[in-house]
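Q: One structure, pasted below without further comment.
Every read-out reported here was derived from the displayed coordinates using simple, explicitly stated rules and does not represent laboratory data. The structure displayed is predicted, hence computed values, not measured ones. Here the Cβ is made from the backbone with ideal geometry for all residues, glycine too, and neighbour counts use every protein chain on show.
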Amino acid sequence: MSSDPPIFSTIFDEYDLDSRSDVQVILDDFTRNWLPEKQQEITDTFKKEQWDSLNEILHVVKGAAGGYGYGLLTDLSKSIEDKIRAQEYDHLPQLISDLNIICSRIYAGNKP
């Protein structure tokens, strides 16, 4: 895991932004507060096998990650949603582990 490179938001590449600092404040809040909270919710609902709740949280993460320029997290969240809908729960432990790694790489990419 330590060899995995940090993940940086592509939001600066995707939009013509006048102020990087304003957007950076928003990204900081996303990576320091919102995403860790959702990551914990994902872990908790997964452990409790609350599939509907897990699917709802992942749907929100999928959309937010895309909006903040983290396409890899969006794609992985969608993959997990698809497995839940298909009731293919045996794939979830690895996918949740992958999600935690992706989150760690996002945190590393947004350090001050």
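Q: Loop only by DSSP, 12 or fewer other Cβ within 10 Å of the Cβ. Give me the GluC sites (Glu not before Pro) in the range 21-112 that pass, ordered by residue number. Don't skip to the end; give the middle numbers.
A: Working: sites: 37, 41, 49, 56, 81, 88; in loops: 49, 88.
Passing both the DSSP loop test and the Cβ count: 49, 88.
Q: Multiplying the sequence separation of residue 10 and residue 78 by 0.36 nm and subtracting their Cα-Cα distance, what value in nm do you get?
A: Details: separation 68, 0.36 × 68 = 24.48 nm, distance 1.86 nm.
22.6 nm is the gain from fully extending residue 10 to residue 78.
Q: Which distance in nm do the two modelled labels at residue 91 and residue 24 give, with both placed 7 Å along the Cα-to-Cβ direction?
A: About 3.9 nm separates the two model spin labels.
Q: Based on DSSP H runs of at least 4 residues, each adding -39500 (n - 2.57), what is the mean residue ellipticity at 222 nm of the chain after dividing by all its residues, to the nearest 500 deg cm²/dmol?
A: Details: 6 runs with 77 residues, N = 112.
Value at 222 nm, helices only: -21500 deg cm²/dmol.
Q: Apply the Karplus curve 6.51 cos²θ - 1.76 cosθ + 1.60, θ = phi - 60°, to the phi angles in the range 75-86 and return the couplings in whole Hz, x for Gly and Pro.
A: For the range 75-86, the Karplus curve yields 4, 5, 4, 5, 4, 5, 4, 4, 5, 5, 4, 7 Hz.
Q: Could you give me the ³J(HN,Hα) list for the range 25-35, computed from phi with Karplus coefficients 6.51, -1.76, 1.60 and θ = phi - 60°, whole Hz, x at Gly and Pro?
A: After applying 6.51 cos²θ - 1.76 cosθ + 1.60, I find 4, 5, 4, 4, 5, 4, 7, 9, 10, 5, 5 Hz.
Q: Relative contact order for the chain: what is it in percent, counting Cα pairs under 8 Å that are at least 6 residues apart?
A: Working: 93 pairs, mean separation 45.1, N = 112.
This gives 40 percent for the chain.
Q: Within the chain, count lysine pairs with alpha carbon atoms under 22 angstrom apart where the residues are 8 or more positions apart or belong to different chains.
A: Final tally of qualifying lysine pairs is 15.
Q: Turning to a different aspect of this structure: Could you pull out the chymotrypsin sites (Phe, Trp or Tyr not before Pro) across the range 1-93 that fall in loop regions by DSSP (anything but H, G, I, E, B) with no more than 15 other Cβ atoms inside 10 Å?
A: When the chymotrypsin sites (Phe, Trp or Tyr not before Pro) of the range 1-93 are filtered for loop state and at most 15 Cβ neighbours within 10 Å, 15 remain.
Q: When 95, 54 are ordered from fewest to most other Cβ atoms inside 10 Å of their Cβ, what list results? Provide the component values of the computation, followed by the final result.
A: Working: 95 19, 54 23.
Neighbour counts put them in this order, fewest first: 95, 54.
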